[in-house]
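So the structure is just underneath, and the comments pick up after that.
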Amino acid sequence: MKDVLFLSPKKSNVPVSPEDNDLLFADGDVVMVDGSKRKFQDIAKILLTRIGSDPIFPTYGSDIPNVSGERAELVEGRVSDSVLEALSFLIEVEKSTAPNENIKSIKSLSVSTPASEPRQLDVLLSVILTDGSVVQTSVRV
């Protein structure tokens with residue numbers, strides 16, 4: 001299943017952020033993406049979207065944009081819960097039957113505060129797709 005490409009990792013160690021949101025064009029056409037690249041984008045979009053901000057799908061998004069600036073010891077549980085809820089939403093609404101576009105399980109999840117930006121959070125999430133491939137998504141809020 002194809003989607004418009006507008007979020008893509010610059011480098012694997014650089015988290016994406018809402019400022020990275022832009023349409024890409026090649027040869028006069030909007031660039032499309034599918035497979036694990038689409039799943040990367042799906043995960044990044046839902047984690048970066050404040051839950052309740054989409055009036056058509058009020059349960060789409062995560063609580064992660066709301067936790068920036070809070071005490072670190074309180075944040076990890078909220079982020080973990082929010083990631084689980086967001087991934088559950090993606091699993092429930094996924095229409096593709098392609099094994100490289102369906103989430104099987106979470107491989108790892110970590111939350112850290114970047115030294116250069118103490119008011120922000122880096123969320124690093126790795127998920128295993130049903131074909132066995134791993135999608136790693138890193139977002140900064």
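Values in this text are rule-based calculations from the coordinates and carry no lab data. Keep in mind the model is a prediction, meaning the values are calculated, not measured. All Cβ positions, glycine included, derive from the backbone under ideal geometry; neighbour counts span all protein chains shown.
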### Message
Based only on other Cβ atoms within 10 Å, what is the fewest-to-most ordering of Ile56, Ile43, Ile106, Ile91?
### Response
Ile56, Ile91, Ile106, Ile43
### Task
Starting from the range 50-139, pick out the GluC sites (Glu not before Pro) whose DSSP state is loop and whose Cβ has at most 13 other Cβ atoms within 10 Å.
Glu70
### Query
What are the principal axis extents of the Cα atoms in the range 38-141, in Å, biggest first?
40, 32, 20
### Query
Normalised by the number of residues in the range 29-141, what is the relative contact order in percent for Cα pairs under 8 Å and 6+ residues apart?
24 percent
